[in-house]
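Written out below as structure tokens is the structure these notes cover.
The values are calculated or read from the model by the stated rules, or taken from the named source; none is laboratory data. Since the structure is predicted, the reported quantities are computational estimates derived from the model, not experimental observations. Neighbour counts are summed over all protein chains in view; Cβ atoms, including those assigned to glycine, are modelled from backbone coordinates with ideal geometry.
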């Protein structure tokens, strides 16, 4: 896993508004030598999360790869995305963050921490140059929520029925995260609450 993604109870969660180096990505250190910055970012994330568990994430959107995108915090309230950017382990992704982490990134850059100790290619540019990476599905489009809009936090308790659900995103969250979620997909085609989705 990369430094911008975690897995909780089998659900892969992408951090909202940041982008970390890919697991196979190499960067240059202060001496100009290659190092596995993607792996190092993931290790920094693991160490940070281990200090205060559990991690809780609030749903924001589904991305174009059908991943849950969320704002995540450790048990002590520390924002995971903020910490990753502040410590130079991930970048503010303005396309989705609308500059939320720009000040933290400027601080990391001036302090020359993490990625900023040497040279690196932005993860989104690195991915664009590696065509063997999986492409998004084109049959359904999932884009991040627009600026300032944060979806409500969902819970598996109590059980919900399609008549009680207000959006396709909410239905998809229940389908992916709750033991009873499969009941929302009566024909087992992967689409819950077909009147909404």
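Worth a mention:
- Hits in region 65-93 - residues which are surrounded by fewer than 18 Cβ atoms within 10 Å (Cβ to Cβ), on the phi < 0 side of the Ramachandran plot and in contact (Cβ under 8 Å) with a residue 60 or more places away in the chain: 65, 67
- Residue pairs meeting the criteria (Cβ under 6 Å; at least 6 apart or on separate chains; first farther than 20 Å from residue 40 by Cα, in region 94-122; second part of a loop (DSSP other than H, G, I, E, B)): 96/17; 96/144; 97/17; 98/147; 100/17
- Scanning region 23-43 for residues that are part of a loop (DSSP other than H, G, I, E, B), under 13 Å from residue 84 (Cα atoms) and in contact (Cβ under 8 Å) with a residue 24 or more places away in the chain turns up nothing.
- Complete set of residues in region 56-74 that are in a loop (DSSP other than H, G, I, E, B) and at pLDDT below 95: 63, 64, 65, 66, 67
- Residues satisfying the stated conditions in region 94-122, i.e. at pLDDT 95 or above, touching a strand residue (DSSP E or B) at 6+ places or on another chain (Cβ under 8 Å) and buried (at least 19 other Cβ atoms within 10 Å of the Cβ): 100, 101, 104, 105, 115, 120
- Residue list for region 41-64, restricted to those being out of contact with any strand residue (DSSP E or B) (no Cβ under 9 Å at 6 or more places or on another chain) and surrounded by 22 or more Cβ atoms within 10 Å (Cβ to Cβ): 41
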